[in-house]
Amino acid sequence: QEGDRGALPPEKPQRQIYLSEYWIGKYPVTNDQYAVFIEATGRRPPDHWIKGHPPEGQENHPVVNVSWWDGLAYCRWLVELTGKPYRLPTEAQWEKAARGSDGRTYPWGNDWNSHKCNTHEGGKRGTTPVGEYSPAGDSPYGCADMAGSVLEWVSDWHREDYYTRSSAANDPFGPASGVVRGLRGGSWSSDRQGVRCASRAASSQTTTNSQVGFRVAVFATPPAQAAE
């Protein structure tokens, strides 16, 4: 992203792509929402939950300690429940939802503001309720918490040089194979550099920790490529 002075090599080069119509969650999936999934499917709850329930008072916080596989299972459950094509967003979809079409550095604009997101600078030392920084910290499309609070799984395999190598101009889905999956958005422990819209991270599909959650997307047209 040429306008982002903090841009790193894995985030370059900037180029325009076309994305088919899609919808993405306004917020990351919350503990309350994930608890419904746990009860309905019998899937193992996050390790820090107590007797299958999220920490008291954190029902409206983003769910954390969930792996990429947990996010995929949640989406598949929503598909069965609603008949709609829920998925983890692609990296491109996530980034468009975060920064709009003008290439801004942060969801709210190009200037850093620690009062518009939950990061290390704010000293919260943990997640905050979804929407706590709305509307000031929202993206141009009205998406909340896309900077800080929790890193969010995306469907793509991650390669640091993918942007350099890829020639896909329409609906890119990332590399065809890989070792780690992409994470976007930074978390409550990230600094201002790590929560830029262009910032890219990655981890093993089985990773679970207190900084990682996810949000879901719905594709208007079923994607041609699966994320598995």
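What the table shows:
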{"read-out": "Lysine pairs within the chain, Cα separation less than 26 Å, 8 or more sequence positions apart or different chains", "value": "10"}
{"read-out": "Tensor-based shape of region 80-129 (alpha-carbon gyration tensor, a/c under 1.5 rounded, otherwise prolate or oblate)", "value": "oblate"}
{"read-out": "Cα convex hull of the chain, projected area averaged across orientations, nm²", "value": "11.4 nm²"}
{"read-out": "Fraction of accessible area attributable to carbon and sulfur, the chain (%, probe 1.4 Å)", "value": "48 percent"}
{"read-out": "Sequence of 48, 158, 53 when ordered by accessible area, the most exposed leading, probe 1.4 angstrom", "value": "53, 48, 158"}
{"read-out": "Over the chain, relative contact order from alpha-carbon pairs under 8 Å, at least 6 apart, %", "value": "30 percent"}
{"read-out": "Per-bin percent of Cα-Cα distances, region 50-111 [5 Å]", "value": "4, 14, 14, 16, 19, 16, 12, 5, 1, 0"}
{"read-out": "Enclosed volume per residue, in Å³, of the convex hull spanned by Cα atoms of region 105-228", "value": "121 Å³"}
{"read-out": "Accessible area per residue in Å² at 1.4 Å probe, computed on region 110-193", "value": "46 Å²"}
{"read-out": "Nearest-10 value in Å² for the accessible area of residue 32, using the 1.4 Å probe", "value": "80 Å²"}
{"read-out": "Residues whose placed amide H lies under 5 Å from that of residue 118, excluding near-sequence neighbours", "value": "149"}
{"read-out": "Rg to Rh quotient for region 107-169, alpha carbon positions, Kirkwood Rh", "value": "1.07"}
{"read-out": "Longest segment of the chain lacking trypsin sites (Lys or Arg not before Pro) that sit in a DSSP loop with at most 12 other Cβ atoms within 10 Å", "value": "126-228"}
{"read-out": "Full-stretch length increase - residue 69, residue 101 - with 0.36 nm per residue and alpha-carbon distance subtracted", "value": "8.5 nm"}
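The values are calculated or read from the model by the stated rules, or taken from the named source; none is laboratory data. Source: prediction; values computed, not measured. No Cβ is skipped: glycine too gets one built from the backbone with ideal geometry, and neighbour counts run over all protein chains shown. Just the protein is used for accessible areas: all its heavy atoms, side chains included, with ligands, DNA and RNA removed. Shrake-Rupley method; radii C 1.70, N 1.55, O 1.52, S 1.80 Å.
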